[in-house]
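Engineer: This is the structure I have questions about; it appears just below.
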Amino acid sequence: MAVEPAASATATAVATAAARPAQKPVQGAFSGAALRADFPAFDTPTHLGKRLVYLDAAASAPKPRAVIDALADTYAHHYANVHRGIYELSEDATGRFEAARRKVAGFIGAPSAREVVFVRNATEAINLVAYSWGRTNVGRGDHILSTQLEHHANIVPWQQLAREVGATLDYVEITDDGRLDMDDLRRKLEARPKLVAVSQVSNALGTISPVAEVVELAHAVGALVLVDGAQSAPHMPVDVTALGCDFFALSGHKMLGPSGIGALWGRRELLDGMPPFMTGGSMIIKVTLDGAEWNEVPYKFEAGTPAIAEAIGLGAAIDYLEALGMDRVREHERYLVEHAWAALGEIPGVWRLGPADPELHAGVISLVLEGIHPHDVATVFDHEGIAVRAGHHCAQPVMLRYDIPATTRASFYVYNDLDDIAALTDAVRSCQQLFNA
Ligand code: PMP
């Protein structure tokens, strides 16, 4: 049975939100304030009765009503296990689940939906490659290259792989303003690594790395490239075909979708050549007591019952983002970052990390307030209704690079506007007054 994905309501809701007349001049590519009406999280004041200023999208994003409705609608009316029922409800669920896979493929420019493997999150996507491709293709004496800019999810799986197979792991260094040192990359590529694992956007500093250039340089020495897209896919147009990379990992929960769903994209011939990561039901074509034959990709990598409603919810999140337009999402965040960077720069005692050029800086600003611990900063902010993340952001090598234990991180998304940045700078000043810093 041909099934239409549960997207039309979402698309209509988004189109309405985007077209809604703004209460005040639009700040950025669209009115963040108008879009906040799409997110029930903003309906409830914070514990001290303040308006919620949510600046923690880099950790996880709130969900628009369209995504929440898609989840509820799936569980209420379209839920059954996928790929196995010979009854209408299961075919309906399967059709919606597979439509979501096609949406992910389209969203990242993948040539085929069959190259999109549903996983729980970016961490699982990277581990899948490290275990399945890594244990098959990397051996004693081989090299792997990652960078100092990575989230632990793009470091620890490679450390484990290197330890287990006797390979060496090296890291591209970063400059004082948090960019990949491309000369160091060129030098380290001389060791002819088997794989380069690099994030497109750093969650700790907001740096946008020149991934297409990294791919070109890496391919020239025969290395494959895995791109950690956990922070890029939600915030800018991504085209894996244009990037030329070999693997791409993303998490649904950071791009307005549900938690528990993410995706790994890999080039077909690579996925075809890789052994399964986990085994069991769904990933086989035939099992006897003596052995089993694997299903074709992507099912070979999807053992067990998948996160069905969550995948469909991710499809709804993609509809929402595509209705806004990923170019405009990026433009909006670029505008916010430029303003926030300038406004924070006017406050003495505030140290901003990462590149100053907004072209190289995604919607993440990491701050250090001189003399005040980031956890204290986040606590004061919380009293003002501002949600930020304080800590090492699962990027301890970045903290080591700057010899700091932690930063306070503000991260922006489509629902933010200049009022949120004003709230942020006011809170920075209050914090400094409170601590006499
Ligand atoms: N990579 C980057 C750059 C991230 O920011 C994150 C999440 N903070 C991850 C990987 C891991 O994502 P998840 O926790 O959803 O697996």
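The values are calculated or read from the model by the stated rules, or taken from the named source; none is laboratory data. These numbers were taken from a predicted model, which means no experiment stands behind them. Note that we place each Cβ from the backbone using ideal geometry, even for glycine, and neighbour counts take in every protein chain shown.
Engineer: Take the conditions within 16 Å of the ligand (Cβ to nearest atom), at pLDDT 95 or above, surrounded by fewer than 24 Cβ atoms within 10 Å (Cβ to Cβ) and under 29 Å from Tyr79 (Cα atoms) and apply them to Pro258. Does it pass?
Structural biologist: yes
Engineer: Could you pull out the residue among Ala76, Ala70 that is buried (at least 19 other Cβ atoms within 10 Å of the Cβ), assigned to a helix (DSSP H, G or I) and among the hydrophobic types (A, V, I, L, M, F, W, C)?
Structural biologist: Residue meeting the stated conditions: Ala70.
Engineer: Continuing with the same structure: Kindly indicate whether any position in segment 281-298 is farther than 15 Å from Trp133 by Cβ and within 16 Å of the ligand (Cβ to nearest atom).
Structural biologist: For segment 281-298, residues farther than 15 Å from Trp133 by Cβ and within 16 Å of the ligand (Cβ to nearest atom): absent.
Engineer: Out of segment 175-196, which residues are buried (at least 23 other Cβ atoms within 10 Å of the Cβ) and under 30 Å from Trp351 (Cβ atoms)?
Structural biologist: Gly178, Leu180
Engineer: Taking Lys194 as the residue in question, decide whether it is within 27 Å of Glu296 (Cα to Cα) and of a type in the set (Lys, Arg).
Structural biologist: So Lys194 passes the test.
Engineer: Can you give me the number of residues within segment 228-255 that are within 24 Å of Ala316 (Cα to Cα) and crowded, with 22+ Cβ neighbours inside 10 Å?
Structural biologist: Counting residues in segment 228-255 that are within 24 Å of Ala316 (Cα to Cα) and crowded, with 22+ Cβ neighbours inside 10 Å gives 19.
Engineer: Run down Gly391, Gly363 and say which single residue is over 18 Å from the mean Cα position of the chain (by Cα), crowded, with 17+ Cβ neighbours inside 10 Å and under 18 Å from Ser202 (Cα atoms).
Structural biologist: Criteria check complete, one pass: Gly391.
Engineer: Please go through segment 307-333 and give me each residue that is of a type outside the set (A, V, I, L, M) and surrounded by fewer than 21 Cβ atoms within 10 Å (Cβ to Cβ), ordered by number.
Structural biologist: Glu322, Gly325, Asp327, Arg328, Arg330, Glu331
Engineer: Checking the conditions here, which among Leu264, Leu270, Leu289 is in contact (Cβ under 8 Å) with a residue 40 or more places away in the chain and farther than 16 Å from Phe97 by Cα?
Structural biologist: So the residue among Leu264, Leu270, Leu289 that is in contact (Cβ under 8 Å) with a residue 40 or more places away in the chain and farther than 16 Å from Phe97 by Cα is Leu270.
Engineer: Here are Thr136, Thr123: which of them is more than 16 Å from the ligand (Cβ to nearest atom) and not in a loop (DSSP other than H, G, I, E, B)?
Structural biologist: Result of the check over Thr136, Thr123: Thr136.
Engineer: I'm checking my understanding of the structure. Among residues of segment 150-168 that are within 16 Å of the ligand (Cβ to nearest atom) and free of Cβ contacts under 8 Å to residues at least 12 places away in the same chain, which one is surrounded by the most Cβ atoms within 10 Å (Cβ to Cβ)?
Structural biologist: Checking each candidate, the answer is Val156.
Engineer: Residue pairs, Cβ under 7 Å, 6 or more apart or interchain, first in segment 31-52 and part of a loop (DSSP other than H, G, I, E, B), second of a type in the set (Val, Ile, Thr). List them.
Structural biologist: Leu52/Thr46
Engineer: Can you name every residue in segment 111-144 that is closer than 23 Å to Thr74 by Cβ and touching a Phe, Trp or Tyr at 6+ places or on another chain (Cβ under 7 Å)?
Structural biologist: Val116, Val117
Engineer: A follow-up question, please. So Gly354 fits all but one of (1) surrounded by fewer than 18 Cβ atoms within 10 Å (Cβ to Cβ); (2) over 22 Å from Val53 (Cα atoms); what number is the exception?
Structural biologist: For Gly354, the failing item is (1).
Engineer: Moving on. With the requirement that a residue be within 16 Å of the ligand (Cβ to nearest atom) and either among the polar types (S, T, N, Q) or over 9 Å from Leu264 (Cβ atoms) (or both), what does segment 105-120 give you?
Structural biologist: Result: Ile108, Arg120.
Engineer: Sticking with this one: Any chance you could count how many residues in segment 398-419 are over 22 Å from the mean Cα position of the chain (by Cα) and in a helix (DSSP H, G or I)?
Structural biologist: Result for segment 398-419: 4.
Engineer: So Ala437 clears everything in (1) of a type in the set (A, V, I, L, M, F, W, C); (2) within 22 Å of the chain's Cα centre (by Cα); (3) at pLDDT below 95 except one condition, right? Which one?
Structural biologist: (2)
Engineer: Hey, another quick one. What number of residues within segment 348-397 satisfy the criterion of being in a loop (DSSP other than H, G, I, E, B), under 11 Å from Val428 (Cβ atoms) and either among the aromatic types (Phe, Trp, Tyr) or within 15 Å of the ligand (Cβ to nearest atom) (or both)?
Structural biologist: Of the residues in that region, 1 qualify.
Engineer: For residues that are farther than 16 Å from Gly315 by Cβ and either surrounded by fewer than 17 Cβ atoms within 10 Å (Cβ to Cβ) or free of Cβ contacts under 8 Å to residues at least 40 places away in the same chain (or both), tally how many sit in segment 84-113.
Structural biologist: Final tally of qualifying residues: 10.
Engineer: Give the residues of segment 216-255 that are within 11 Å of the ligand (Cβ to nearest atom) and free of Cβ contacts under 8 Å to residues at least 40 places away in the same chain, sorted by residue number.
Structural biologist: Val227
Engineer: (1) in contact (Cβ under 8 Å) with a residue 60 or more places away in the chain; (2) part of a strand (DSSP E or B); (3) within 16 Å of the ligand (Cβ to nearest atom): which one isn't true of Ser146, the others all being true?
Structural biologist: Of (1) in contact (Cβ under 8 Å) with a residue 60 or more places away in the chain; (2) part of a strand (DSSP E or B); (3) within 16 Å of the ligand (Cβ to nearest atom), only one is false for Ser146: (1).
Engineer: Considering only segment 316-345, how many residues are over 20 Å from the mean Cα position of the chain (by Cα), in contact (Cβ under 8 Å) with a residue 24 or more places away in the chain and over 20 Å from Asn203 (Cα atoms)?
Structural biologist: 1
Engineer: Next question. Restricting to segment 398-409, and then to whatever is among the hydrophobic types (A, V, I, L, M, F, W, C) and crowded, with 19+ Cβ neighbours inside 10 Å, can you tell me which residue is nearest to the ligand (Cβ to nearest atom)?
Structural biologist: If we take residues in segment 398-409 being among the hydrophobic types (A, V, I, L, M, F, W, C) and crowded, with 19+ Cβ neighbours inside 10 Å, then Val398 is nearest to the ligand (Cβ to nearest atom).
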